[in-house]
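Structure first, then comments.
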């Protein structure tokens, strides 16, 4: 015997039926196929978002009241977001390639800046307004 969620005490031979009374949405993001693009320096991956509901609270109903059970209440303020990386090794490898690319790019920019600063002065353009052609 058990007490039904409606307050009814069941008969000894009746089986209890658990019904959800509160659920919340859960979004699971699965990240896969990580790759590094050397041209633009971005790490890209495929994203698959799966939305489902998760049971937060259950109540026991007797067979008499199970059909009249209230619809589950949606608890949205407790929404849970999960992120799953399908292949962590590929993700780590892509991130390492990205970091190395950023370091090489920074070194290349420093080298280009040094080249600009070390240019000889005779290669600079003369200001034509200072020249007088009348003489």
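The values are calculated or read from the model by the stated rules, or taken from the named source; none is laboratory data. Computed from a predicted model, the values in this text were never measured in an experiment. When we count neighbours, we look across all protein chains shown, and the Cβ atoms used for this are built from the backbone with ideal geometry, even at glycine.
Comparison of 35, 24 shows that the only residue that is surrounded by 11 or more Cβ atoms within 10 Å (Cβ to Cβ) and more than 17 Å from residue 95 (Cβ to Cβ) is 24.
Exactly one residue out of 28, 53 is touching a strand residue (DSSP E or B) at 6+ places or on another chain (Cβ under 9 Å) and farther than 30 Å from residue 3 by Cβ: that is 28. Filtered by the rule that a residue be over 22 Å from the mean Cα position of the chain (by Cα) and surrounded by 13 or more Cβ atoms within 10 Å (Cβ to Cβ), region 76-112 gives a lone residue, 101. Only one of the listed residues (46, 33) is at negative phi, assigned to a strand (DSSP E or B) and at pLDDT 80 or above. That residue is 46.
Based on this model, can you work out whether residue 66 counts as more than 16 Å from the chain's Cα centre (by Cα) and modelled with pLDDT of 75 or more? No. Of all residues in region 69-109, those that are in contact (Cβ under 8 Å) with a residue 24 or more places away in the chain and assigned to a loop (DSSP other than H, G, I, E, B) total 9.
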